[in-house]
Amino acid sequence: MKNNRPVKLDDLISEIELQIDDTFTFIHTNTGEVITLMREEMRAAEDEEPLEKYPDWQTENIEKAISIIEDEDGAYVEFTLRNHFNEYEIMEEFIISHKDQKNREELYDTIQGRGAFRRFKDKIIELGVDNQWYKYKESKIRKIVIEWCKEHKIEVLD
């Protein structure tokens, strides 16, 4: 596989942050394009279903899926990092790194049990550390994505 074009780092970060179930994300290394396809579109391409039964907007995606499935040159790389991204772990790391002991304890309590993400987001706003959290999270995701791209020999454009 030869990477001809760099991939926009922000495109990959956006894919991780969206975390849409039943989607697959690929990087076209020849163009740098980040392609996200629904499970239905991949299945239609695999089953060689007639494109006429799909709306125009979906036909284009199914054609991309066909190209990915038939790719013999290794031009497409599946962006699997999104499947391994764990926001809960980043929340824990943020809490541990937080300087204020009282805030740390309150934040830690919010991430226990069901509804942890909602309670955490409410609590960071209440404590006034929401901007710190979003900067911390973006920095962590950015680092994870860059490392993944290095491992897969994919050049990123910052």
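The values are calculated or read from the model by the stated rules, or taken from the named source; none is laboratory data. All of these numbers come straight from a predicted model, not from anything done at the bench. Every residue, glycine among them, receives a Cβ derived from its backbone with ideal geometry; neighbour counts consider all protein chains shown.
Residues in segment 125-143 include none that are aliphatic (A, V, I, L, M), outside any helix (DSSP H, G or I), more than 21 Å from ASP21 (Cα to Cα) and touching a strand residue (DSSP E or B) at 6+ places or on another chain (Cβ under 7 Å). Going through (1) over 25 Å from the mean Cα position of the chain (by Cα); (2) under 24 Å from LYS143 (Cβ atoms); (3) part of a helix (DSSP H, G or I) one by one, LYS99 falls short only on (3).
On the basis of being of a type outside the set (A, V, I, L, M, F, W, C), out of contact with any Lys or Arg (no Cβ under 9 Å at 6 or more places or on another chain) and modelled with pLDDT of 95 or more, does LYS121 make the cut? So LYS121 passes the test. If you check LYS64, LYS153 for being within 24 Å of ARG39 (Cβ to Cβ) and among the basic types (Lys, Arg), only one passes: LYS64.
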